[in-house]
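No value in this document is a laboratory result; all are computed from the given coordinates. From a predicted model like this one, the values you see are computed outputs, not experimental measurements. Here the Cβ positions follow ideal geometry from the backbone for every residue, glycine too, while neighbour counts run over all protein chains shown.
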Amino acid sequence: MAMRLQLTAGHEVLESWAETASQAERNVVYEALFAVGDGSAFLVYDIFGDPRDPGNFLIMVKPGLVLKVNVQRAESAFEIRHIGAVDGADTAAAAQETSSPE
């Protein structure tokens, strides 16, 4: 059974990215976000886990465009971490690691 997830954070990432994205790109990303929410993303998309953080996943939306999300299974929630190029997802992860107060 697929787990339904609610988008709880990352709206600002989506809004910032959408300002410069084409309508076609926005459509495929929104479709992928709905798939994450309804639990079907793992059946539809190529998805790669992040070995540094087991809750992070890169979803290959289309060639050259990825969606990075963090899934909190215990809360039935997910957040958007990055939308854009694959190399940008690694940069976003590095920025989060250096900005974390640990």
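Relative to the present Cα-Cα distance, how much length would full extension add between Glu15 and Asp50 at 0.36 nm per residue of separation? Walk me through the numbers on the way to the answer.
Working: separation 35, 0.36 × 35 = 12.60 nm, distance 2.39 nm.
So the extension gain works out to 10.2 nm.
Computed extension gain for Phe42 through Gln6, at 0.36 nm per residue and net of the alpha carbon distance, reaches 11.4 nm.
Let me make sure I get this right: for region 6-99, a, b and c are the square roots of the gyration tensor eigenvalues over alpha carbons, sorted descending. Under 1.5 in a/c it's rounded, otherwise prolate if a/b > b/c, else oblate. Which is it? Rounded, since a/c falls under 1.5. Taking every alpha-carbon pair under 8 Å whose residues sit at least 6 apart, region 6-99 reaches a relative contact order of 27 percent. Within region 30-83, the trypsin sites (Lys or Arg not before Pro) that combine a DSSP coil assignment with at most 11 other C-beta atoms in a 10 angstrom radius are Arg52.
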